[in-house]
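Here the structure comes first, spelled out in structure tokens, and everything after it is commentary.
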Amino acid sequence: MMQLAARPAPLLNVDNLVVEYGLGNKIVHAVSGVSLQVARGETLGLVGESGCGKSTLGRAVLQLRRAKSGRVMFDGEDLTAMEGEALRRMRRRVQLIFQDPIASLNPRRRIGDIVAEPLIIAGIKDAAERKRRVHEVLSAVGLDPDLVATRLPHEFSGGQCQRICIARSLVLNPEFIVCDEPVSALDVSIRAQILNLLEEMKARFGLTLLFIAHDLAVVKAVSDRVAVMYLGRLCEVAPSEQLFARPAHPYTALLLQAIPVPDPDVRPAESVAAGEPPSPIAPPSGCRFRTRCPRADQRCSAEIPELRQVAPGQFAACHHPLA
Amino acid sequence: MTAPLLAIEDVAVELPTPRGNLRAVDHVDLSLQAGRTLGIVGESGCGKTMLSRAVLQLLPKKAKLTGRVMFDGEDLVRLEPESLRRLRGRDLAVVFQDPMTSLNPVLTIGTQLMETIQEHLELDAPAAKARSIELLAAVGIPAPEQRLAQYPHQCSGGMRQRIAIAIALSCEPKLLIADEPTTALDVTIQAQILDLLAREQRRRHMAMIIITHDLGVVAGRADEVAVMYAGRVVERAPTQALFKRMHMPYTEALLAAIPKLDTAPHTPLPAISGRPPDPTRPLKGCSFAPRCSYAGGRCQEAKPVLTSAEVSGHLYACFHPIRMTEGIEA
């Protein structure tokens, strides 16, 4: 397999991962042969529209959804081959933050217990130690532990619930966190607070992040590199600045063009590609974007484009990349 | 100036809750000329949706509404239910945020379209069907004739929103209220739907209110923007003037908090600290004062009223407006 900007031994190495769901007698091709690496201390942004498989990929990394084929190597160990106790031990090092912060907290449990639960599962028996850890992470995310620990989730706003979720994900001192749309359910003014908090936590706890979102501007704000996904495959992987300044894949360019800019002097582009993503049950042959792509020709329907380097550090899966 | 198509005059909406009265809309005045677009921007809970419900007279039963909503010469607040029913769907149409729940799942798309058309226009079934096909084609639905026999679940989210727009446009409304019409949609589909709304508006010379939390959505598409915070309009201006020089600190903070494509990765965002006030516990002073970096003692004591800036039509509600003179940055 080709190496994508491989620096010394990446913390996460996803190799040719395939995830499929059964739907009646049909198969949903959610992730179709994705390879990517995340270096220690790096934030990799993963963007794409709904149904492109980005959440499935995030879950498959954590083994919450088992892959049909391919491997997920974390710090040199193959997660896809792990089961039971070994996997449970590994999960202390990899955590997940979900999109809906209110739905991901049990409404009947107190905040202190919610945040302490991973510690109990991890077998930390010393109650004083658990309390100390819960206090530490709650203060780290900007909440007053003495005020919040005995309260229930409904007493908090969406932004505060997301802070609690982040505290819970940090309590086991993980190395790697998959953030699945962590700010898309939040208001603009709260979104900025949470993005800043994630950046602070990353620096303070030395985290590596896989940041999944549909909003390119949000992804750019936090990511070192960005991977663009369309219908189960990667279109493009590049350092953030480079991807936004010089997109090589026509789909990346389309996404960039479609973002509404808060400036009345920027006229909205009228030529945004027509049509909608095809169904992942019957994806198009060859390049999956070809049905919406202005540059598509016969080769695109016959031959699957491989990710290849188009500029230093920039990889695109396209037969006709943009110059 | 001709009389506006819509004039919202001193409208206030109160909702009783177990914690006391919730003032959802706090004495709002807005007006809209025929054929123009007004963007109403604000975060969740700022009252923008309740305000649009007040216009449509679709408030919850327990809500208490005061003020007047003048539409085409009539006060909707005092209109008989029967006259209102004739108006809604014909002259006054709405597109909601969630196209999954605004269509009836057990009726075909054709039935839902033709129902509205036949209710308000004197057309027989074949004519209503022909018009439905025409409308679906106009909103960019391929093979419209086949779609008529399908159910909403057979369409994607973008398709469903196009259908909801077709229903809203079916009787040539004078005013279309689009309440977060693209929030549930993907970014490429959002651009298509916003283009579609703009195109149909121009073609039909229809007035439109776009309600959104995204300043980006209104920037290129509204003639005028009203920013709401805690139930009040805190700044209102022609779009160009607003983005060129915003006077209300909240508007500035809201714009600054949006991640931009042209900023470098890992640049800390200027977040607005804290969160909006509890709407059941109204503040004595400016609602934004607790989160505002410019706030002084007066801001805690009294509510600033909307004041005119030098650009005509630009109003702001602030004791410490920013960028009042060209060249001086606050």
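Each reported figure results from applying straightforward, stated rules to the coordinates on display, with no laboratory input. Quick caveat, the model's predicted, so the values are computed rather than measured. With ideal geometry, Cβ positions are generated from the backbone for all residues, glycine too; neighbour counts draw on all protein chains shown.
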Reduced Cα scattering model of chain B, Debye log10 I(q)/I(0), q = 0.09 Å⁻¹: -0.51
Per-peptide average of other Cβ atoms within 10 Å, ordering A:169-178, A:246-255 highest first: A:246-255, A:169-178
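When a footprinting reagent is the concern and you count Cβ atoms within 10 Å, what order do B:Val234, B:Val41 take, fewest first?
The fewest-first ordering by Cβ neighbours comes to B:Val234, B:Val41.
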Most mobile of B:Gly42, B:Gly110, B:Gly20 in a GNM of chain B (Cα contacts under 10 Å): B:Gly20
Shielding score for A:180-191, defined as the mean number of other chain Cβ atoms within 10 Å: 5
Chain B - percent relative contact order, Cα under 8 Å, separation 6 or more: 20
14 Å beta-carbon shell around A:Gly48, net charge (K/R +1, D/E -1): -3
Relative contact order for chain A, counting Cα pairs under 8 Å that sit 6 or more residues apart, in percent: 20
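Report the far tail of the P(r) of segment B:8-71, meaning the percent of Cα-Cα pairs longer than 17 Å.
39
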Shape call, segment B:226-285: gyration tensor on alpha carbons, a/c limit 1.5: oblate
For q = 0.13, 0.14, 0.21 Å⁻¹, Debye-computed log10 I/I(0) when each Cα of segment B:1-132 counts as one equal scatterer: -0.69, -0.78, -1.31
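Based only on other Cβ atoms within 10 Å, what is the fewest-to-most ordering of A:Val115, B:Val11, A:Val34?
In order of increasing Cβ crowding within 10 Å: B:Val11, A:Val34, A:Val115.
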Ranking of B:Lys61, A:Lys54, B:Lys174 by count of other Cβ atoms within 10 Å, fewest first: B:Lys61, B:Lys174, A:Lys54
Rg [Å, one decimal], Dmax [Å, integer] - chain A, C-alpha atoms: 20.5, 67
GluC sites (Glu not before Pro) restricted to segment A:238-323 and DSSP loop, no more than 10 other C-beta within 10 Å: A:Glu270
Ellipticity estimate at 222 nm from DSSP helix runs (n ≥ 4, -39,500 (n - 2.57)) divided over the protein assembly as shown, nearest 500: -9000 deg cm²/dmol
Unsatisfied cross-links (Cα-Cα over 31 Å) in the set A:Lys26/B:Lys129; B:Lys62/B:Lys284; A:Lys54/A:Lys131; A:Lys220/B:Lys244; B:Lys174/B:Lys284: A:Lys26/B:Lys129; A:Lys54/A:Lys131; B:Lys174/B:Lys284
Gaussian network model of chain B, Cα within-10 Å springs - most flexible of B:Thr37, B:Thr183, B:Thr101: B:Thr101
Residue with peak Gaussian network fluctuation, chain B [Cα springs, cutoff 10 Å], from B:Gly157, B:Gly47, B:Gly73: B:Gly73
Distant-in-sequence amide H partners of B:Leu22 (H built 1.01 Å from N, under 5 Å): B:Leu15, B:Thr17
Scaled radius of gyration (Cα, divided by 2.2 N^0.38 Å) that the protein assembly as shown gives: 1.01
³J(HN,Hα), Karplus 6.51/-1.76/1.60, whole Hz, each residue of segment A:257-264, x for Gly, Pro: 5, 7, 6, x, 9, x, 8, x
Under-5 Å amide H pairs with A:Cys235, H placed in peptide plane, nonlocal only: A:Val228, A:Met229, A:Tyr230
Cut-off 13 Å between beta-carbons: net charge of the residues surrounding B:Leu113, Lys and Arg +1, Asp and Glu -1: +1
5 angstrom amide H check on A:Leu17, placed H, neighbours 5+ away: A:Gly33, A:Val34, A:Ser35, A:Arg71
Whole-Hz ³J(HN,Hα) from phi, Karplus 6.51 cos²θ - 1.76 cosθ + 1.60, for segment B:110-121, glycine and proline x: x, 4, 5, 5, 5, 4, 5, 4, 6, 5, 9, 10
